[in-house]
Every structure is written in C-alpha cells, then in structure tokens.
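Please treat every number below as a calculation from the coordinates, not as lab data. This structure is a prediction, so every number in the text was calculated from the model and none was measured. Using ideal geometry, Cβ is built from the backbone for each residue, glycine included, and neighbour counts are taken over all protein chains shown.
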Amino acid sequence: MKEFENKVAVITGGAHGIGKCIAEEFRQNGASVCVIDKVRGDHFVGDIAEKAVLEAFADSVIAKHEHIDYLINNALPLMKGIDECSYEEFQYALSVGVTAPFYLSKLLAPYFNHGGSIINISSSRDRMSQPQTESYTAAKGGIAALTHALAVSLAGKVRVNSISPGWIDASYRIYDGADAKQQPAGRVGNPLDIANMVLFLCSDKAEFITGENICIDGGMTRQMIYHGDNGWSYLPEITIE
C-alpha cells in the first residue's frame, strides 16, 4: 500500500515548478490531489487573491472528497521592490502570499481528518534579502509567521509547518563553477528537494513536528560572508562622474 493511499492533498500554485513536483510526488504515493493555479489546465483555474475564488475552490474540493488531509500553500506572490512596486501590487502580493493561505486554511479547517497537515512554502528571503524585493519578501515573512500562529490555533488536529527554499531551479539544470561551489551543499537545489520535505512533514514520521520553519537552501543562509574571506570579494559598482 502506498504511503498516502486514500489521502487528499490540496495544493495552490500546483501546475508548475515546485508545486507541480509536489503534486506529482503525492500522486505517485497514492494521494488524490486537488490543484488550483492561474495557469490553464486540467485543474481548478483561478486567482487565489480573490476571496470568491478561494471559496469556490474550497467548495469544489469538499463536494468531491468530503474531507482533506493536507494543504500545501505554495502559490508565488509578486516580486517587486520599493522603487517600482505600487500600493496595489504590494497588496496583491500579500493577498496571494499571506491572506490566501490564511483564508484557505480557515475554509478547510473543519474538513481536515485527524492528523492532517498544512505546509506553507515560505522562502529563505524570510530572513535575508536582495535589493528591490520588498513585496515578495514581506509576503514570505508573513507566511512564516502565520505558520506558528496556525500551529498553535489548530493544535491537536492539524500540524502546521513551513519550508523556506533557497535557490531552486525548476528546470533541474545542473550548475557548476561558482554557482554550485558557493553553496555549502555543493549544488543548486531542485523541486524534489522541497517535495521530499513536504511529504516527510505530512507523514506519520513527522507527527511530533509542528510550528517549525525548515530552511532548505544548501546551507547558504548559514554561511558568513565578509570581503576578503574564504575567496569572497565585494566589488561595488564604480561611479564615474
């Protein structure tokens, strides 16, 4: 018997990239999978920034399955920085990245089987940043905090954890040179690195884990970087007047 036989997994942003890989891994392990994505395809199509879409999607899942076991909040928010991001765009990023995971969790909470699991996909950007990434970074920081709040509110029925991916290449490209060697793990990540952790956290093997944020980034956020140290150099742009 497959590990997730007769289980129901709901995945946002599940038509491509990390979400698609998670959906495929659940299916291969026997689960029924319900996907919502803006991309057209053989799944529920809609924008999770819209309240009515979330309600319609939740209704369709329950009408078909009557219960769920796993909710994977994976859909990507917009990434724009302070120089170009409008008020409306920032609000949209938070709607996709924080409000939708909260509201979908709320809508589906009464229908979870005992021992259910919610996995929120955050990002290593919830703790570090590049310039001009405010909308995405704020959304990922928000979902990381939402995770431990939900874990406490849903204690005893649903475990809630988040995963913070680092550099994940959805095309499974193999990198060499500095791109790979800069990472303590020696390579760039791929969607299976995230999907494997999702399935583990949803399994009985993780029944004592809740409220956690697990960073899967090849060790990059644990690596101290100083100019002139361990081969690292800071070369700021030179402005010529």
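Here are a few things to note about the model shown:
- If you run the Gaussian network model on the chain, springs between alpha carbon atoms under 10 Å, then out of GLY17, GLY41, GLY81 the most flexible one is GLY41.
- By the count of neighbouring beta-carbon atoms within 10 Å, fewest first, PHE200, PHE57, PHE102 end up ordered PHE200, PHE102, PHE57.
- Exposure proxy ranking, count of Cβ atoms within 10 Å, fewest first, for PHE26, PHE44, PHE208: PHE208, PHE44, PHE26
- Put the Cα centre of the range 158-218 next to the Cα centre of the range 141-156 and the gap is 20 Å.
- Over the range 143-223, relative contact order from alpha-carbon pairs under 8 Å, at least 6 apart, %: 43 percent
- Annotation: aspartates and glutamates with alpha-carbon distance below 12 angstrom to LYS157 (same-chain offsets under eight excluded): ASP69, GLU207.
- Among the listed pairs LYS7/LYS181; LYS2/LYS140; LYS64/LYS140; LYS51/LYS140; LYS2/LYS181, those beyond 28 Å (Cα-Cα): LYS7/LYS181; LYS2/LYS140; LYS64/LYS140; LYS2/LYS181
- Panel order for SER129, SER86, SER105, by other beta carbons found within 10 Å of each beta carbon, from fewest to most: SER86, SER129, SER105.
- Between the entries (1) 18.8, 70; (2) 25.6, 81; (3) 20.7, 72, the label attached to Rg and Dmax of the Cα atoms in Å calculated for this structure is (1).
- Bridging of LYS20 to aspartates and glutamates at a Cα separation below 17 Å is possible for ASP37, ASP42, ASP47, ASP169, ASP193, once same-chain residues fewer than 8 apart are set aside.
- Average Cα contact separation per residue, the range 21-101, under 8 Å, 6 or more apart, as relative contact order %: 23 percent
- Each Lys or Arg adds one and each Asp or Glu subtracts one; over the other residues with Cβ under 11 Å from the Cβ of HIS43, this totals +1.
- Relative contact order of the chain, defined on C-alpha pairs under 8 angstrom at six or more residues apart (%): 18 percent
- The range 16-75 and the range 99-140: distance between their alpha carbon centers, rounded to Å: 15 Å
- Electrostatic tally near HIS65: other residues with Cβ closer than 13 Å to its Cβ, Lys and Arg +1, Asp and Glu -1, net -1.
- Backbone N within the range 20-47 under 16 Å of label point (7 Å from LYS64 Cα along the Cβ vector): 20, 23-28, 30-47
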